[in-house]
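The values are calculated or read from the model by the stated rules, or taken from the named source; none is laboratory data. Because the structure is a prediction, the values reported are computed rather than measured. Don't worry about glycine lacking a Cβ; one is built from the backbone with ideal geometry, like all the others, and counts go over all protein chains shown.
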Amino acid sequence: MFNSKYDPSGMLKKIKGFPEQILEYWKKGQSIQTDGFSKPSQLVITGMGGSAISGDLLKDLLFSDLDIPIIVNRGYNLPRFVNEKSLLFISSYSGNTEETINALKEGLRKKAMIVVFTSNGEIGKIAEEKGLPVIKFPKGYPPRSALGFSFFSMLGFVKNHINIPIEERDINNLSQKLSGLRDKLIKPPNEITGLSESLINKMPFIYISRRLKSVALRWQTQINENSKTFAHINVIPELNHNEIVGLEFPHNLIKQVYLILLRCERYENEQIKKRFKVTETLLKEVVGNIQTIRAEGENNIEDIFSLLYKGDFLSYYLALQQKVDPTPVKRIDILKRRLRE
């Protein structure tokens, strides 16, 4: 059923190694020296794909903790307001992402306070030439498997240079929590292997509270890249103002929807909790199936990453169910090659 012969590149090993990425790169983020940096007016995180998701997660986690905005920038150009008072994180695992290279050069022209997160490549070369602070990642990972390196080095840097109410013990406890969750998720049958079996020939629709859109986005992109499967996400309360009406036609396709409700009550006020309940009642006879997956944490960061880790494992098990290797992303490789022609 879950035959490892479909994982010749070792994606499971990389998913299992996530808890061990946390502690080392939290400390690396804190160790970066930035002489001459002033207090920033905003934090801009620029990157693409698996190198950008850390910014989304950081923005959601620190929503109530920072007095400056976090902006996640995906694309070639930076927002016009970026200037010498902007803290700019350049995030590219490969170091060769063309959109991010362009954004880095623009950030240099704008004299932003730049910190680089990469394994090497052209971005690493530019950072070395310009004397920019760099956090180097180990090579040999698909960018989506380097989340522990990028997110926790960013979080460590923010802790040291802006200050946030997250302590060393919180990071240690998180690593231990995810190690325990890993022990459950690697032993079928479990909640996530069961869900992967149910998703065969279904369209996963993933709903979550607006406060945690980044977690749903990670689920979506992991299912896309690892499982080679279409997935759709939306957020409560926004979807209550439009999408619930659209889930009617075409009937035969809507019946193929498998609705996954990602629940994290620490991030839900009473009205959001009520909206989840009413939404499920309204849609239970409309879509093919509905299942709730809950966070398993003792605080905000544990809630986020317990849900996120379940999604990573789901994408792996679903790939095996589809009999595909989770690691290659052939269409992305073809697209990049054609853009270079």
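Summary table below
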{"read-out": "Residue among Lys202, Lys177, Lys213 that is assigned by TED's automatic domain parsing to the domain that holds Leu318, modelled with pLDDT of 95 or more and in contact with an Asp or Glu (Cβ under 9 Å, 6 or more places away or on another chain)", "value": "Lys213"}
{"read-out": "Among the candidates Thr193, Thr221, residue that is of a type in the set (Val, Ile, Thr) and either over 19 Å from the mean Cα position of the chain (by Cα) or over 30 Å from Asn3 (Cα atoms) (or both)", "value": "Thr193"}
{"read-out": "Matching entry among Gly297, Gly311 (being part of a helix (DSSP H, G or I), at negative phi and in the same structural domain as Pro204 (by TED's automatic domain parsing))", "value": "Gly311"}
{"read-out": "All positions within segment 1-22 that are of a type outside the set (A, V, I, L, M, F, W, C) and out of contact with any Lys or Arg (no Cβ under 7 Å at 6 or more places or on another chain)", "value": "Asn3, Ser4, Lys5, Asp7, Pro8, Ser9, Gly10, Lys13, Lys14, Gly17, Glu20, Gln21"}
{"read-out": "Positions within segment 183-210 being assigned to a helix (DSSP H, G or I) and crowded, with 18+ Cβ neighbours inside 10 Å, in sequence order", "value": "Leu185, Ile192, Thr193, Leu195, Ser196"}
{"read-out": "Selection within segment 279-314 - β-branched (Val, Ile, Thr) and either touching a residue at least 12 places away in the same chain (Cβ under 8 Å) or under 25 Å from Ser227 (Cβ atoms) (or both)", "value": "Thr279, Val286, Val287, Ile290, Thr292, Ile293, Ile301, Ile304"}
{"read-out": "Count - residues of segment 225-251 that are buried (at least 16 other Cβ atoms within 10 Å of the Cβ) and either within 26 Å of Tyr6 (Cβ to Cβ) or in contact (Cβ under 8 Å) with a residue 60 or more places away in the chain (or both)", "value": "7"}
{"read-out": "Residues located in segment 73-111, provided they are among the aliphatic types (A, V, I, L, M) and either surrounded by fewer than 24 Cβ atoms within 10 Å (Cβ to Cβ) or not assigned by TED's automatic domain parsing to the domain that holds Phe149 (or both)", "value": "Leu78, Ile101, Leu108"}
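Yes/no per residue for (1) basic (Lys, Arg); (2) free of Cβ contacts under 8 Å to residues at least 60 places away in the same chain; (3) assigned to a helix (DSSP H, G or I):
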| residue | (1), (2), (3) |
| --- | --- |
| Lys111 | yes, yes, no |
| Gly148 | no, no, yes |
| Ser153 | no, no, yes |
| Val158 | no, no, yes |
| Arg169 | yes, yes, yes |
